[in-house]
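Derivation of every value follows stated rules applied to the coordinates shown; laboratory data play no part. Bear in mind that the values here come from a model prediction, so they are computed numbers and not experimental data. Cβ: placed from backbone, ideal geometry, glycine included. Neighbour counts: every protein chain shown.
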Amino acid sequence: MFVMIGLMLTGVLLGYLLKKHKLSWIHKVITLLIWLLLFLLGVDVGGNQEIINGLHTLGLEAIVISVGAVLGSVVAAWVLWYRLYKKRKKEDIA
Amino acid sequence: MKGSLIIVSFFVIGILCGVYHLIPFDFTQSKLSYYALGALMFCVGLSVGNDSQTLKKVRLLNPGLVFLPIMTILGTLAGTALVSIFLSNRSLTDCLAVGSGFGYYSLSSIFITEYKGSELGTIALLSNIIREVITLLFAPLLVKYFGNLAPISAGGATTMDTTLPIIARYSGQGFVIVSIFHGFIVDFSVPFLVILFCSI
């Protein structure tokens, strides 16, 4: 697992050192690799009978997790919003 | 949105190839996806290190907004932990790993597939796509009920690219830099958190 993070950090360092050269092609490579990997994930999923049969339950579980994640994050964002802006405005009025 | 559709179609084409055994040799036994993932991580690092603009713009921010990515991460993890109660056949760490994708479905699903298998990987893919879609569709409502920072938090790691236009539209142009900064930090935290929750 640390190999992956190590590879990313090496990339960050190398990208920083090569700052003078705009590596604009890198986004295309990233997109291609993402397409390849999601295709491979698809092949893996499609070849697995148990997952195919349970796809609707997996979808439902996915929705439950996303709703939890979004609600949790927007409540946290509201707390920061309130502290940074609303509270200050009220103090200004008073 | 067009980008997301292309990605989803690659996944769907892959499923069809898998279901009908259209690919002669067995990918799952090969280490192809592992090497491709390594190459992807390296390229993501390169693009971050090479982009000096993002790092420069950070200095222009309202200092309090530095905490927004932290709020997003903590809020997401708390929300996911809470709903994991309703998902009896998934462990807390599985749910947290999926939640730690923060909408970055490509990277998080690939990672989770590698470490936890393709079933949880599929949940991660779907869940994080849904998160992006929720942000795109409900941004105006989120601003109304939870303030201007809400769509940025909801967007998670996607706020520097796919959901940026909608945030600019509904939170206001003044939040674009915050949004990019937020996306940058949350994006960067994805591999660390996903790997952490996959390994405990």
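Take each residue of peptide B:154-167, count the partner chain Cβ atoms within 10 Å of its Cβ, and average: the result is 1. Rounded to the nearest 10 degrees, the angle from helix B:2-19 to the longest Cα principal axis of chain B is 20 degrees. Among the residues of B:79-87, the average count of other protein chain beta-carbon atoms within 10 Å of the residue beta-carbon is 6.
State the three equivalent ellipsoid semi-axes of chain B, derived from the C-alpha gyration tensor as the square roots of 5 times its eigenvalues, in descending order and whole Å. Provide the component values of the computation, followed by the final result.
Values: eigenvalues 175, 74, 56 Å².
Semi-axes from the Cα gyration tensor: 30, 19, 17 Å.
Taken residue by residue and averaged, Cβ atoms of other chains lying within 10 Å of the Cβ of A:53-63 number 5. Highest mean packing comes first when the peptides A:36-47, A:20-31 are listed by Cβ atoms within 10 Å, giving A:36-47, A:20-31. Taking the Cα atoms only, what angle lies between the long axis of helix B:68-83 and the longest principal axis of chain B, rounded to 10 degrees? Rounded to the nearest ten degrees, it is 50. For a paramagnetic label modelled on B:L82 (point 7 Å from Cα along Cα→Cβ), amide N atoms under 19 Å away belong, within the range B:142-164, to B:142-156. Working note: Karplus 6.51/-1.76/1.60 with θ = phi - 60° gives the range B:43-51 the couplings 5, 4, x, 4, 5, 5, x, 7, 8 Hz, where Gly and Pro are set to x.
Note on A:K20 and B:V133: with the Förster distance fixed at 41 Å, the Cβ-Cβ geometry gives a FRET efficiency of about 0.55.
To the nearest ten degrees, helix B:176-199 and the longest principal axis of the Cα atoms of chain B are 40 degrees apart.
Taking only the Cα atoms of the protein assembly as shown, how large is their convex hull per residue, in Å³?
Numbers: hull volume 38.2 nm³, N = 294.
With only Cα atoms used, the protein assembly as shown gives 130 Å³ per residue.
Just tell me, in residue order, which DSSP H segments of chain A are both 24 angstrom or longer along the helix axis (alpha-carbon based) and at least 1.0 in mean Kyte-Doolittle hydropathy.
Working: long enough: A:26-46 (30 Å, 2.02); A:55-81 (38 Å, 1.79).
Those that clear 24 Å and a mean of 1.0 are A:26-46, A:55-81.
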